[in-house]
Amino acid sequence: MAKNLLSLTLKAMKAAEKDRVRRAKAAERRDLAERREAVRQAKAYEAKVRKAEIADERDRKAYEKAVKAAHAAAQQAEVHRMNSEIDAVFDDLEGLLGATIDVDDHIDLETLRKPFDTTPFDMPDLEIPLVAPKRPTYSPEPTYVEPAKPKGFFGKKRKLEEARAIARQTHETQMAKWASEISALEDRYAIELAAYEQAEAERVETLATEKDRFRQELDDHNQSIDQFITNLSYGDAEAVQEYISLVVENSTYPDHFEVTHEFSFAPESAELRMRVTVPSPDNFPAIKAYKYVKTSDEIREVPLSQVEIKQRYASVLHQVAIRSLHEVFEADRRGLIRTISLEVGTKAQHPATGRLDFLAFVGVSAERNSFMEFDLSGLVPLATLKHLGAAISKDPLALVAVNVTGVRKS
């Protein structure tokens, strides 16, 4: 299967999943927007109060009281907004496993086909006919205007002849100018029409060529899908790894929590060895909330205790481990992968060597048949990992890694 096809497919699927997540969180964003609007209104009211005229001492005191109240309200509203953002982050992290329960991680490869009659042409502008030039609008032909008869008794005939001669000359001049203008318009139209006809003919020819190219690309794409499906049905190692690439790329984590996957498949043992890298403890949220201190008029951070950070970070590790096992096993309906040996950890400076290295905080091996009997909606990730005989770090916050060699089946 072509790498560019795989890359494009991954991006499209991930974009679709992100769109689903965005829709699911629309209500949350609207609520946040309303709170921000409350902050804006409070600040606007504060500014309005400051501009109020002070008529006497009583009004001055009322004004100062109103200013303080408006400022305090604005600060409280800002704290509320900031806390809402923190709550949203922790809700995401606490729901990492829950977010995948209702998602079918299986990827129907048949849906990756691109039929010629329903796949949008990638050069749609070529399908639009060019606009033909409009015929010129001609001014009316000049008409001869008979001069008025001269007045008086003497020389009337001569004067009339002279006037007629001038009128004829004027008409002839106007006719010559009009004919020249008409000729120029016709010449320009002829040039524009010829250019249009040539350009339109080129468009039609190019469209036919590009349609042939587009059809061939779709044929190549669909043939690669056919080959991919065939290879996967035979358990081809490369096809299995490409399919798992689709699965993990389609697994959408929060934007603030970047997760990467590395894996290899051993067809002789039907084992998938997977390494999942999560953010380090240094990049984990450490603020519990914000509060407004009225006496000092400042917004202060309320930090999480080390115990709380340790519990939350460990919970994330356990969720990611169970989620990773579940997503791969659920996606693999053919049962090509019988065992997953999984490591979940982070990249950080090793406490013993000082070098940047992968530190495993969870190591676990799971058999497909037994794991697929678990009910994700009712299990406790830590208890499940212990049930599977996982190696679990006692203090990932201190970068205490585990030895994962003993948990592998092969």
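The values are calculated or read from the model by the stated rules, or taken from the named source; none is laboratory data. Please read all numbers here as calculations on a predicted model, not as lab measurements. Cβ coordinates were reconstructed from backbone atoms using ideal geometry, including for glycine residues, and neighbour counts include every protein chain displayed. Each accessible area value is taken on the protein alone, full model and side chains, heavy atoms only, with ligands, DNA and RNA left out. Shrake-Rupley method; radii C 1.70, N 1.55, O 1.52, S 1.80 Å.
Of the numbered criteria (1) without any contact (Cβ under 8 Å) to a residue 40 or more places away in the chain; (2) within 30 Å of Gly378 (Cα to Cα); (3) surrounded by 13 or more Cβ atoms within 10 Å (Cβ to Cβ); (4) not polar (S, T, N, Q), the one Ala167 fails is (2). The residue list Asp108, Asp102, Asp91, Asp122 contains one member that is in contact with an Asp or Glu (Cβ under 9 Å, 6 or more places away or on another chain) and closer than 30 Å to Met372 by Cβ, which is Asp91.
Pairs linking a residue in the stretch 94-122 that is within 13 Å of Thr252 (Cα to Cα) and open to solvent by 30 Å² or more (accessible area, probe 1.4 Å) to a residue that is part of a loop (DSSP other than H, G, I, E, B) and of a type outside the set (D, E, K, R), with Cβ atoms under 6 Å and 6 or more positions apart or on different chains, are Ile101/Leu376; Ile101/Ser377.
Within the stretch 357-407, the residues that satisfy the criterion of being without any contact (Cβ under 8 Å) to a residue 60 or more places away in the chain, open to solvent by 30 Å² or more (accessible area, probe 1.4 Å) and among the polar types (S, T, N, Q) are Asn369, Ser370, Asn403, Thr405. Quick check: anything in the stretch 342-356 closer than 20 Å to Ile101 by Cβ and open to solvent by less than 20 Å² (accessible area, probe 1.4 Å)? Yes - at least one qualifying residue is present in the stretch 342-356.
Consider the stretch 263-288 and keep the residues that are small (Gly, Ala, Ser) and free of Cβ contacts under 8 Å to residues at least 60 places away in the same chain. The one that is nearest to Val89 (Cα to Cα) is Ala286. Pairing each residue of the stretch 216-233 that is over 14 Å from Pro115 (Cβ atoms) and in a helix (DSSP H, G or I) with any residue that is open to solvent by 60 Å² or more (accessible area, probe 1.4 Å) and at pLDDT below 95, provided the two are 6+ apart or on different chains, yields C-beta distances under 9 Å for Ile229/Glu110; Thr230/Asp236; Asn231/Glu238; Leu232/Arg334; Ser233/Arg334. Counting only strands (runs of 3 or more DSSP E) that sit completely within the stretch 249-305, those holding 1 or more residues that are basic (Lys, Arg) correspond to 271-277, 287-293, 298-303.
Filtered by the rule that a residue be among the hydroxyl-bearing types (Ser, Thr, Tyr) and closer than 21 Å to Glu343 by Cβ, the stretch 265-299 gives Ser269, Thr277, Ser280. Identify the residue in the stretch 130-152 that is open to solvent by less than 80 Å² (accessible area, probe 1.4 Å) and under 30 Å from Ala195 (Cα atoms) and, among all such residues, is farthest from the chain's Cα centre (by Cα). Across the stretch 130-152, the extreme among qualifying residues is Ser139.
Scanning the stretch 87-145 for residues that are assigned to a loop (DSSP other than H, G, I, E, B) and of a type in the set (Asp, Glu) gives Asp102, Asp104, Asp105, Asp108, Asp117, Asp122, Glu141. Looking at the stretch 199-210, is at least one residue surrounded by 14 or more Cβ atoms within 10 Å (Cβ to Cβ) and either over 30 Å from Thr118 (Cβ atoms) or in contact with an Asp or Glu (Cβ under 7 Å, 6 or more places away or on another chain) (or both)? Yes, there is a match, as at least one residue in the stretch 199-210 is surrounded by 14 or more Cβ atoms within 10 Å (Cβ to Cβ) and either over 30 Å from Thr118 (Cβ atoms) or in contact with an Asp or Glu (Cβ under 7 Å, 6 or more places away or on another chain) (or both). Looking at Lys149, Lys68, just one residue is part of a helix (DSSP H, G or I) and at pLDDT below 90, and that residue is Lys68. Summed over the stretch 320-348, the residues that are under 30 Å from the mean Cα position of the chain (by Cα) and in a strand (DSSP E or B) give a count of 7.
Does Thr230 qualify as being open to solvent by 40 Å² or more (accessible area, probe 1.4 Å) and either among the hydroxyl-bearing types (Ser, Thr, Tyr) or under 29 Å from the mean Cα position of the chain (by Cα) (or both)? So Thr230 passes the test. Among the residues of the stretch 296-310, are any basic (Lys, Arg) and surrounded by 17 or more Cβ atoms within 10 Å (Cβ to Cβ)? Yes: the stretch 296-310 contains one or more residues that are basic (Lys, Arg) and surrounded by 17 or more Cβ atoms within 10 Å (Cβ to Cβ).
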